[in-house]
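Heads up: the structure comes next, in structure tokens.
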Amino acid sequence: MSETHVPTIVVATDFSESSLVAMSFALALSKLLKRRLLLLHIFTYVPKHRYSIPVDWMDG
């Protein structure tokens, strides 16, 4: 079996209980494979937000 090159492991998280389990697994895997771990925070778009800056880029 040939070794697959994985330079970075990316894990998406919304910080829910189940995503914390996935994040824990990804951290262990990144340590085992000696790879970087990149966390990608996923959030729900809320049209009425509290920020004063424009967020037009969120409108898909």
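So if each residue of separation counts as 0.36 nm, and I subtract the Cα-Cα distance between residue 44 and residue 17, what length gain in nm does that give?
Difference between extended and current length: 8.1 nm.
What length, rounded to one decimal in nm, is gained on full extension from residue 28 through to residue 5, with 0.36 nm per residue of separation minus their alpha-carbon distance?
6.6 nm
Would you mind computing Rg(Cα) / (2.2 N^0.38 Å) for the stretch 9-48, counting N as its residues?
1.34
Every number in this text was worked out from the coordinates using simple rules, so none of it is lab data. Worth saying up front: this structure is predicted, and the values here are computed from it rather than measured.
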